[in-house]
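A.B. asks: Next up is a structure, given as structure tokens.
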Amino acid sequence: MPTRYTDEEISALISEVKPVPADYQSHLVLSQKRGHKSREMEVEGANGNKFVIKLRQNDFNVLDFSIILGVVSKDSNVVFRLRRYNGKSHEHTNRIEGNSFYDFHVHTASERYQDLGAYEDHFAEVTDRYSDMNSALDCMLEDCGFKVAPGNQTNLFEGMKI
């Protein structure tokens, strides 16, 4: 049976403090795959939960990207997507609400969409808080309880063509 979380549990997981070292960017290893680049990093939350940050960007369209915050279920290795910060590369339709848009948008996991049998993070809202992958990552770090240790920080996307 797939992992399920209530809206309260989802909110608590998103806001759980997630400490990362000042040089956390160096822990995100760039991997070139067919047609896209990706990076991934695991973070242990203050309550012992294991979180995963996943970054993916299309090689040909810089607006086609996704930054995902997931939590690894304690009873399996399944990653449950809590938040997803998407670029402006496709139209999205919220199936329950019936609204569609073509813009930068943030997905959030919800009980309603789990009950529907859709992806846990299918619901999304338009945002004007970011305009590229780097600023989307900044939003995710700000929104989701990340605490970056003081020290020298480098640009995550240094040397990447985005």
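A.B. asks: Would you confirm whether any residue within the stretch 115-137 is at positive phi and at pLDDT 95 or above?
C.D. replies: No - not one qualifying residue is present in the stretch 115-137.
A.B. asks: Name the residue that is surrounded by the fewest Cβ atoms within 10 Å (Cβ to Cβ), counting only residues in the stretch 82-126 that are free of Cβ contacts under 8 Å to residues at least 24 places away in the same chain and hydroxyl-bearing (S, T, Y).
C.D. replies: S100
A.B. asks: Restricting attention to the stretch 153-162, and to residues there that are in contact with an Asp or Glu (Cβ under 8 Å, 6 or more places away or on another chain) and either in a strand (DSSP E or B) or farther than 23 Å from H107 by Cβ (or both), which single residue is modelled with the lowest pLDDT?
C.D. replies: Taking the candidates together, the pick is T154.
A quick yes/no check of all residues on (1) among the hydrophobic types (A, V, I, L, M, F, W, C); (2) within 10 Å of the chain's Cα centre (by Cα):
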| site | (1), (2) |
| --- | --- |
| D64 | no, no |
| G70 | no, yes |
| K74 | no, no |
| T93 | no, no |
| S100 | no, no |
| V106 | yes, yes |
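A.B. asks: Take the stretch 119-152 and flag every residue that is outside any helix (DSSP H, G or I) and either under 11 Å from the mean Cα position of the chain (by Cα) or among the small types (G, A, S) (or both).
C.D. replies: Matches in the stretch 119-152: D121, A124, S131, C144, G145, A149, G151.
A.B. asks: Right, something else. Taking strands (runs of 3 or more DSSP E) that do not extend beyond the stretch 2-112, which have at least 3 residues that are closer than 24 Å to D128 by Cβ, at pLDDT below 95 and among the aromatic types (F, W, Y)?
C.D. replies: It comes to none.
A.B. asks: Look at F65 and say whether it is surrounded by 13 or more Cβ atoms within 10 Å (Cβ to Cβ), under 15 Å from F146 (Cα atoms) and among the aromatic types (F, W, Y).
C.D. replies: So F65 does not fit the description; no.
The values are calculated or read from the model by the stated rules, or taken from the named source; none is laboratory data. Because the structure is a prediction, the values reported are computed rather than measured. Neighbour counts run over all protein chains shown; Cβ positions are idealised from the backbone, glycine included.
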